[in-house]
């Protein structure tokens with residue numbers, strides 16, 4: 001009778017982390033940043049129908065990088081959770097921190113107990129209002145939650161892009177300036193990203209309940225000009 005193959009817990013966790021990181025790094029990056037009147041989310045995404053950025057609830061947006069089918073499944077689960085929580089209790093009981101905890105628990109359990117870890121990172125962005133602060137929660141593939149300060153970068157060569165954006169960031173800039181900095185950081189000094197390869201959305205309070213808005217190519221081009 002053959003002996004079962006043994007792998008130490010430390011090596012197993014290391015192998016799972018490397019597997020997830022490799023999958024995420026192959027994807028295109030995403031930048032989220034606060035600006036004067038809202039939150040901007042910019043992703044390099046040539047697809048016109050497979051969105052990385054979407055609305056998930058009142059004043060809350062969801063963004064993901066990595067394997068599309070994996071983070072889109074999480075997005076759908078998050079919408080169901082938010083709708084049921086808001087219906088059962090109150091819409092004010094649904095906030096970005098609760099959603100981030102919900103996603104983190106699932107990602108953490110999958111990382112340690114599943115057959116393979118999910119090759120994704122997600123961002124939960126909440127525009128502040130009368131009852132809540134503006135928040136950016138970055139949830140990693142193993143379930144770690146980071147409460148980001150003012151901006152966040154996910155996927156691809158995240159550290160390099162983060163350094164580029166931090167060098168350009170001037171704090172509370174307007175939408176056009178913030179967008180220009182995000183696109184410049186994503187592309188780097190040697191590459192220009194075409195408007196048609198960008199997915200851009202904002203959370204901005206315009207006096208109505210719906211504050212999530214996608215920006216079309218013409219609007220993006222106008223802001224960048």
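Read-outs throughout are calculated quantities, based only on the coordinates presented, and are distinct from any laboratory measurement. From a predicted model like this one, the values you see are computed outputs, not experimental measurements. Positions of Cβ are generated from backbone atoms using ideal geometry, with glycine treated the same way; all protein chains shown enter the neighbour counts.
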Worksheet item: With each pseudo-label sitting 7 Å past Cα toward Cβ, what's the residue 36-residue 18 distance in nm, one decimal?
Response: 4.9
Item to complete: Please give the contour-minus-distance gain from residue 50 to residue 177: 0.36 nm per residue of separation, less the Cα-Cα distance, rounded to one decimal in nm.
Response: 43.1 nm
Worksheet item: How much length is gained on full extension from residue 210 to residue 115, taking 0.36 nm per residue of separation minus their Cα-Cα distance?
Response: 30.3 nm
Worksheet item: So how much slack lies between residue 10 and residue 101, counting 0.36 nm per residue of separation and subtracting their Cα-Cα distance, in nm?
Response: 30.3 nm
Discussion item. I'd like the orientation of helix 96-113 relative to the chain: the angle between its Cα long axis and the longest Cα principal axis, in ° from 0 to 90, rounded to 10.
Written reply: 30
Item to complete: Arrange 212, 62, 19 by Cβ neighbour counts within 10 Å, fewest through most, would you?
Response: 19, 212, 62
Worksheet item: Please state the relative contact order of the chain as a whole percent: Cα pairs under 8 Å, 6+ residues apart?
Response: 27
Worksheet entry | Highest-MSF residue in the chain out of 106, 35, 87 [GNM, Cα springs under 10 Å] | 87
Practice prompt. Note the angle between two axes, namely the Cα long axis of helix 68-88 and the longest principal axis of the Cα atoms of the chain, as a number of degrees from 0 to 90, rounded to the nearest 10.
Written response: 70
Fill in: Structure-based [θ]222 nm, the chain - -39500 (n - 2.57) summed over DSSP H runs of at least 4, per residue, nearest 500
-12500 deg cm²/dmol
Worksheet, complete the sentence: Expressed in Å to one decimal, the Kirkwood Rh of the chain from all distinct alpha-carbon pairs is 18.2
Item to complete: Kindly express, to the nearest 10 degrees and within the range 0 to 90, the angle between helix 158-168's C-alpha long axis and the longest C-alpha principal axis of the chain.
Response: 20
Discussion item. Can you compute the label reach from residue 73? Point 7 Å from Cα along the Cβ direction, backbone N cut-off under 11 Å, restricted to segment 101-116.
Written reply: 115-116
Fill in: Spatial separation of Cα centroids for segment 94-110 and segment 17-36, in angstrom
18
Worksheet item: Just 30, 41, 107 to compare: in a GNM of the chain, with alpha carbon springs under 10 Å, which one fluctuates most?
Response: 107
Worksheet item: With a 10 Å Cβ neighbour count serving as the proxy for reagent exposure, in which order, fewest first, do 162, 52, 14 appear?
Response: 14, 162, 52
